[in-house]
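> Dropping a structure here in structure tokens format, bear with me for questions.
Each value in this text was obtained by applying a stated rule to the coordinates, not by laboratory testing. Values in this document were obtained by computation on a predicted structure and should not be read as measured data. As a convention, Cβ positions derive from the backbone with ideal geometry for all residues, glycine included, and neighbour counts pool all protein chains shown.
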Amino acid sequence: MDARNGPDISVLTDMLSFQLRMLSQAINRAYDDAFSATEASSGTGKLTTLLLVSANPGMSQSEAGRVLGKDRPAMVRIVDHLERAGLLRREPDPAERRRHALTLTPRGEAEIGRYMAIAKAYDGAFFSALTEEERRGLARIARKLRRIHQPETLGLDSATANSRS
């Protein structure tokens, strides 16, 4: 069925939440395609986890999950995957047995640069239809909404972000 000649969903076309959900699916597909030949493929959170642990060696899985907006089972899956791939180590904290400290392996540290180059290229390609001004505006709006709905997660501020956004 041709999507343009399919069922009438015009009631949804002006709903921002519908447009963003559909766009999110396209973003996730583009990410999966871009990262298909890496250990960061399929699913979300792997690259962000590597960057987070690189900046905060020794942080716990639960701390990482909280700031990434991932529940415990999702975070365990991400850490298990990255550990099996040889990118991350999870070691019991001697001071608190139930806490696992996360650190990157040398391979994990080395892959971050390559993964960021892939991420920047895919991001640039995906949003290439927007002007630089439109990109900045969209990022500002997204951060504003996330500050309200996801205040405990990462990525709300950056060195290039306008502090009033």
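> At 222 nm, what value in deg cm²/dmol follows for the chain if DSSP H runs of at least 4 each add -39500 (n - 2.57) and the sum is divided by all its residues, to the nearest 500?
Value at 222 nm, helices only, nearest 500: -18000 deg cm²/dmol.
> Angle between the Cα long axis of helix 132-149 and the longest principal axis of the chain, 0 to 90 degrees, nearest 10?
Approximately 60 degrees, to the nearest ten.
> Moving on. Tilt of helix 72-84 relative to the longest C-alpha principal axis of the chain, in degrees (0 to 90, nearest 10)?
70 degrees
> Rounded if a/c is under 1.5, else prolate if a/b beats b/c, else oblate: with a ≥ b ≥ c from the C-alpha gyration tensor eigenvalues square-rooted, which is the stretch 78-165?
Verdict is oblate for the stretch 78-165.
> Here's a follow-up. Please tell me the relative contact order of the chain in percent, rounded to the nearest whole number, where contacts are Cα pairs under 8 Å and at least six residues apart.
20 percent.
> Rg over Rh of the stretch 18-149, using C-alpha atoms and the Kirkwood radius, what does it come to?
Using only Cα positions, Rg/Rh for the stretch 18-149 is 1.00.
> Quick one: helix 106-126 against the long Cα principal axis of the chain, what's the angle to the nearest 10°, folded into 0 to 90?
Long axis of 106-126 versus the principal axis of the chain: about 0 degrees.
> If you don't mind, there's one more thing I want to ask. Out of ALA101, THR153, ALA129, whose Cα points farthest toward the positive end of the dipole of the chain (charges: +1 Lys, Arg; -1 Asp, Glu; placed on Cβ)?
ALA101
> So if I take the centroid of the Cα atoms in the stretch 71-89 and the same for the stretch 108-142, what is the distance between those two points in Å?
One Cα centre to the other: 24 Å.
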